[in-house]
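Notes follow the structure.
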Amino acid sequence: MLQKFSAYHYVKPSLVSLLLLSTLAACGGSDSDNNDDSGEVFTTNTAPVANAGEDQSVFVNSTVILSGALSSDADGDTLGYSWSLSTIPTDSIATLSSENDVSPTFIADVIGHYIVHLTVNDDQESSEVDSVEIFVSEVSNGSTANILCDYNYNEYNDSIYVLEDSMAQWSCTDDERLLSANGVPDHKVGEFPNSNNPNAIESQTVADSLTLSPVESTTATTLGGPRGVTGYVLNGVKIDAGTAGSCDDSGNNCSLIDNSGSWSIEALGQTSFNFGTDDNNAHVQPGGAYHYHGMPEGFIAKQGGGDTTMTIIGWAADGFPIYARYGYSIASDATSPIKLITGSYQLISDVSSSRPSKDIYPLGTFAQDWQYVAGSGDLDECNGRVGVTPEFPNGIYHYFATESYPYFQRCVKGEVDVTGGMPPPP
């Protein structure tokens, strides 16, 4: 039977091994294993080696992702991880999301220098401490002027369910970014009207102005529907990720156009209700306004978007840019690999007793089924983060359209004027 003694594994010798040892001894040979007078053989354990990863430089309020995945053990033993924040700047309240995960995270909430320690253990010995340093700097406040200030598109869309000119013009004054558009998409669309969306695409009058000097605030402003547009894709089509659909607590009374119920129905990511969205994750409001609930696939394709670069696709209501799907794996490092960016919302585990039955409406059907979990993805509660982009090499706050919930931002982190508003979407 195998027994443990401190840093050694005990191995009961077989008859063959005893004969071999006897032969080696007779021949003057030796064995690398330790042995005693009883003939028992002890195998030396090798201490594991901790690797806390490369040093990082990030912007303040970024989510720092640590990784001990490169830690190793020569014996192939399973490793346990022990992380600690050993040094943080004055006034920081940073805490690790976990002290024992292979890849914990923390929010770099204060400008300065952070040091994180890692030790690993193979159940017998602990490694020496390895450290990683995180350097946190302030984002340069700057203007978005000179970036896409001359975007001008005006072409006929021969998609069978459009057959109209698509027009969008962006221009800049000294302090504002101006949009003049007709809201007609510039790419192929699905069938409209359809059995789940009875509305045809019609030309709109779209006129808006956004600041050229957006300022990130400490609070999030929820937009969408009657609260106001959250942003525009460059083709002048608005972004409105939520819906006016809802259910009451029983789940017996649901409507795709009446938001009086307690449970807000999602347009995407569920199969209980069909809003008639097309392959661009868009559909049409009663007034004929085509709008996006999620990734505008047709537009991204026209821009040549792919998995090797960041693709800017629009501007949010607060003036910050919006990108599609892919971003730098280290937000502050333009030389880091491009990766698929994920939102930080997770399905709730504590389900309200007043919620309609999960057997009928699985989790994810309603907006209330999702909760923001900091550090569980790459982005904040508004689907944004601070980092460098091809258009802003010195760093800027920016949003993402993501394949994961919330698909498009439902709130903005910059200062906005929320007067006025828009009618609720279907």
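Any read-out appearing in this document is the output of simple, stated calculations on the displayed coordinates, not a laboratory observation. Nothing here was measured: the structure is a model prediction, and the numbers come from that model. Note that each Cβ is placed from the backbone with ideal geometry, even for glycine, and that neighbours are counted across all protein chains shown.
The slack between Val351 and Asp77, meaning 0.36 nm per residue of separation minus the straight C-alpha distance, is 94.7 nm. Charge tally for Met295 (other residues, Cβ to Cβ under 13 Å; Lys, Arg +1; Asp, Glu -1): -3.
Rounded to the nearest 20, the Cβ-based charge dipole of the chain about its Cα centre (Lys and Arg +1, Asp and Glu -1) stands at 860 debye. Exposure proxy shown here: for Phe192, Phe273, Phe400, the number of other Cβ atoms within 10 Å sets the order, fewest to most, as Phe273, Phe192, Phe400. Normalised by the number of residues in region 258-339, the average gap of Cα pairs under 8 Å and 6 or more apart makes the relative contact order 16 percent.
Separation of region 361-376 and region 243-301, taken as the distance between their Cα centroids, equals 16 angstrom. Taking a Cβ cut-off of under 14 Å around Val60, the surrounding Lys, Arg, Asp and Glu residues balance to a net charge of -3, with basic ones at +1 and acidic ones at -1. Excluding same-chain neighbours fewer than eight residues apart, the aspartates and glutamates reachable from Lys238 by a Cα-Cα span under 16 Å are Asp186, Glu202, Asp208, Asp278, Glu297, Asp318. Once the Cα-Cα distance is subtracted from the 0.36 nm per residue extended length, the Glu99 to Asn194 segment shows a gain of 29.0 nm.
For region 56-137, a simple Cβ point-charge model (Lys and Arg +1, Asp and Glu -1, everything else neutral) yields a dipole of about 520 debye relative to the Cα centre. Placing unit charges on each Cβ (+1 for Lys and Arg, -1 for Asp and Glu) gives region 56-137 a dipole about its Cα centre, and among Ile65, Ile93, Ser126 the Cα reaching farthest toward its positive end belongs to Ile93.
Using the Cβ atoms and a cut-off under 14 Å, what net charge is assigned to the surroundings of Gly395, where Lys and Arg are +1 and Asp and Glu are -1?
-3
For region 78-89, the Karplus equation 6.51 cos²θ - 1.76 cosθ + 1.60, evaluated at θ = phi - 60°, returns couplings of 5, 9, x, 10, 9, 9, 8, 7, 8, 9, 9, x Hz by residue, with Gly and Pro reported as x. Applying both filters, DSSP loop and at most 10 other Cβ atoms within 10 Å, to the chymotrypsin sites (Phe, Trp or Tyr not before Pro) of region 324-355 eliminates every site.
Sorted fewest first by neighbouring Cβ atoms within 10 angstrom, Ser97, Ser62 come out as Ser97, Ser62.
When only Cα pairs below 8 angstrom with a gap of at least 6 residues are kept, region 61-104 shows a relative contact order of 48 percent. The helix-only estimate of mean residue ellipticity at 222 nm for the chain, built from DSSP H runs of length n ≥ 4 each weighted as -39500 (n - 2.57), is -1000 deg cm²/dmol after division by the residue total. When the Cα convex hull of region 152-414 is projected onto planes of every orientation, the mean area is 14.1 nm².
Axis of helix 15-26 versus longest Cα principal axis of the chain: the two differ by about 60°, to the nearest ten degrees. Normalising by the residue count of the chain, find the relative contact order in percent from Cα pairs under 8 Å and 6+ residues apart. Relative contact order, the chain: 14 percent.
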